[in-house]
Structure formats: C-alpha cells, structure tokens
Amino acid sequence: MLQIMTMKPMFVSIGLSLAMCVACGGSSDGGNGAPANSSGNYSSGVSGDKQLGALTDQEFQGVCKNLSDYFSSGAVGKGFEEFTCRFEGLLAGVAAQTDAELQAACKATYDQCVAAPTTTTETCTKPDASCTATVAEYDACVNDSAKALTTLANSIPSCDKLTMASLGMIAVDDSTATPASCTTLQTKCPSAPKPPGM
C-alpha cells in the first residue's frame, strides 16, 4: 500500500491511504487561480491484462515508482495542494463577519499553506495473491481518482470568490463519490492500495 502523510502548518495532519503519492509544490496564483486538471493518463507500465496479485516484486516496485512519479509532480500534485490549501483557507474564514474579513483570513491561510514545505512518507505493499484485479483495472481507478480529486478541488472557490453568502452553499456533490472503477478494483482486490474516498 502506498501511504502518504502530508504535513503543512495549519494542518493537524492529512493522512491518506492512496494509490498515489502526493507532494505539493509551490503555487504563484495567490489563491486566485483554478486548480490544475488531471490529464488522466497514468500508466503503471505493466501489461494491463496481468493480475495485481501475480506481479513480481520488481514489477510491483515499478508500479509504485510510476505511481509516485505521477502524483508527486505535475497537475495532480498541484491539484491536491490547491484543494488542501483552499480548504484550510475556507476553514480559517468561518468566524469572519464580513466578506472582506472572510477573504482576508482565507488568503492569509492559503498563502501560508502554499509556502509551507511539504513532507511525505510513502510505503508500497504488494497486494496478496488472492487479488484478481488486473493492472488495467488498477490504472483506471488511479486515473478516475485523479479526476475526482480535480472535481473536489474545483468545488471550493478561491479566496477572492468567497462571500458570506456562498460559504453556506459550498458542498461536495455526488461527482466526488468513489469512482465505479475503484469499487470494481476493491471488490476484486481488497488488499490493493486505496485511492481517496474509498
């Protein structure tokens, strides 16, 4: 299992058992830009028809490396950072009495979050032999999870768009539910690393 622990100031800790490694990089948009979109092009680098439980140790370590590389850089890593920093900014502003106070508290917290160094710890454990899910099913779940992460990030407005009226209307809709591909993966392979929301 690839397990990620990301720590930033203002966070108690965000611990996720993921099928991905997330490392947050800096952002220069000051909380006003849109989250990056996932390209949905993850590939484990192993033949799609192979079962996860039948992978050699070397093949599985390759899967882990590709997973870490995919989610530690580029659009997906930035999307996760954007979501977590926007969420922290939103929480920092809940005691505000005016739109200006809300936006100022949000922006200050968002900026601190983005500027903070990120620490990640990862481990990757091969699923047991009873895992019958294929590599293609695993790759589909990873890609769908990355898309769900982008949807989640897009559900929280940037600090400059927050208002007292909009604060009560922010909700994560059903489109962020566990992707069907991940439900299939977990049915066939309960020991597979779990993407967010599972």
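The values are calculated or read from the model by the stated rules, or taken from the named source; none is laboratory data. Bear in mind the structure is a predicted one, so any value in this text is a computation, not a measurement. These area figures cover heavy atoms from the full protein model, side chains too; ligands, DNA and RNA do not enter into them. Shrake-Rupley method; radii C 1.70, N 1.55, O 1.52, S 1.80 Å.
Residues that are farther than 26 Å from ASN41 by Cα and open to solvent by less than 10 Å² (accessible area, probe 1.4 Å), at least 2 per element: which helices (runs of 4 or more DSSP H) completely within region 53-171 meet that?
Answer list for region 53-171: 99-115.
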Return a yes/no flag: does region 186-198 have any residue that is open to solvent by 50 Å² or more (accessible area, probe 1.4 Å), of a type in the set (S, T, N, Q) and at pLDDT below 80. no
Within region 3-15, is even one residue over 26 Å from ALA105 (Cα atoms), at pLDDT below 90 and open to solvent by 70 Å² or more (accessible area, probe 1.4 Å)? yes
